[in-house]
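Everything on this sheet refers to the single structure shown next.
Computed from the coordinates by the stated procedures, all read-outs in this text should not be read as laboratory data. Just so you know, these numbers come straight off a predicted model, no measurement behind them. When we count neighbours, we look across all protein chains shown, and the Cβ atoms used for this are built from the backbone with ideal geometry, even at glycine.
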Amino acid sequence: MDILSVIGVILGGTAILGGSLAKGSGLAALWNGAAFVIVIIGTFAAVLVQVRLKAFAHGFSILRWIFVSPLEDGEKLLAKVLGWSQIARKDGLLGLEDLTEKEPDPFIRKGLQLLVDGAEPESIRHIMDLESTSREQLDQQGAKVFESLGIYAPTLGIVGAVMGLMAVMQNLAEPEKLGAGIAAAFVATIYGIASANLLFLPIGNKLKGIISSIGDQRDLVVEGLVGIARGDNPRNIETRLRGYLV
């Protein structure tokens, strides 16, 4: 569990809800159904027009990474690769066949299978690099879904505020309604700016960082597989791979 993400979400909610209470507005003042429809529904509508369904769905499928990181401990991953090299050096590449069947990560499993099948080192690098690149591109598209939500939300917040003020202007003959109407108009601005800066943009940026780190770990695995296929000494493999853990 990523404790920083949990703390961030809690503090963000506290900042908005606590701020409203401290200012004397109350929690009820933060809710406005029309503003929610205009800003939140409108923001998602804009993103749906922009992105492909596959990217949109993938973005929400990796949202859990904010709280539960898919990253493996670097030292453990290095130890795993070195374990493969020692088995291959002792029992040959076919000695990795049982590990291949038990490997839960499909990317690593594919690389081990290529190794067991006796693929040439450069062929392994080429195939695995293509696999890594295609996976990273899809992950980045998923992260951009949240970046786009963060871009559109403030603008839709302004649209909601303007529409609210238009409604106020139509009721100038009833002064008792002006205060509540203006307050409701600005709720849309809060929805847009707060959702963008406390949720959507931070989520997008954190996902991009996680995706970059996943790419580095995949590079470590590929380099290790290539070294094993070449028959390199495990110590030499370790020396090269430690550069990925800096």
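Sorting the segments 59-72, 191-204 by their mean number of nearby beta carbons within 10 angstrom, highest to lowest, gives 191-204, 59-72.
List, in the order given, every pair from LYS54/LYS80; LYS54/LYS110; LYS76/LYS144; LYS80/LYS144; LYS90/LYS110 whose Cα-Cα distance in the structure shown is over 27 Å.
Numbers: LYS54/LYS80 33 Å; LYS54/LYS110 23 Å; LYS76/LYS144 30 Å; LYS80/LYS144 32 Å; LYS90/LYS110 22 Å.
Flagged as over cut-off: LYS54/LYS80; LYS76/LYS144; LYS80/LYS144.
Compared with the dominant Cα axis of the chain, that is its longest principal axis, helix 121-169 is turned about 0°.
Peptide packing: for 75-86, 154-165, the average count of neighbouring Cβ atoms within 10 Å per residue gives the ranking 154-165, 75-86, highest mean first.
Scoring 226-236, 19-29, 130-140 by mean Cβ neighbours within 10 Å over their residues and listing the highest first yields 226-236, 130-140, 19-29.
Rounded to the nearest whole Hz, the Karplus-based 3J(HN,Hα) values (6.51 cos²θ - 1.76 cosθ + 1.60, θ = phi - 60°) of segment 6-11 follow the sequence 4, 4, x, 5, 5, 5, with x at glycine and proline.
Projecting the Cα atoms of MET166, PHE36, PRO121 onto the charge dipole of the chain (Cβ charges, centred on the Cα centre) puts MET166 farthest toward the positive pole.
Charges only on Cβ, +1 for Lys and Arg, -1 for Asp and Glu: so what's the dipole of segment 20-138 about the Cα centre, in debye to the nearest 20?
On the way: 13 positive and 15 negative charges, 147 e Å.
Dipole about the Cα centre, nearest 20: 700 debye.
Rounded to the nearest 10 degrees, what's the angle between the helix 106-116 long axis and the longest principal axis of the chain, both from Cα atoms, 0 to 90? It is inclined by approximately 10 degrees.
Would you order SER5, SER123 from fewest to most other beta-carbon atoms within 10 Å of each residue's own beta-carbon? The partial results should precede the final answer.
On the way: SER5 17, SER123 14.
Final ranking by Cβ density, sparse to dense: SER123, SER5.
Compared with the dominant principal axis of the Cα atoms in the chain, helix 74-91 is inclined by about 20°.
Return the calculated 222 nm mean residue ellipticity for the chain, to the nearest 500 deg cm²/dmol, obtained by summing -39500 (n - 2.57) across DSSP H runs with n ≥ 4 and dividing by the residue count.
Numbers: 11 runs with 182 residues, N = 246.
Taken over the chain, the calculation gives -24500 deg cm²/dmol.
Stretching ASP2 away from ASN236 to a fully extended chain increases their span by 80.8 nm, per 0.36 nm per residue minus the current alpha-carbon distance. Charging the Cβ of each Asp and Glu at -1 and of each Lys and Arg at +1, and nothing else, the dipole of the chain about its Cα centre rounds to 480 debye. Rounded, prolate or oblate, given the Cα gyration tensor of segment 1-103, with a/c below 1.5 counting as rounded? The shape class here is oblate.
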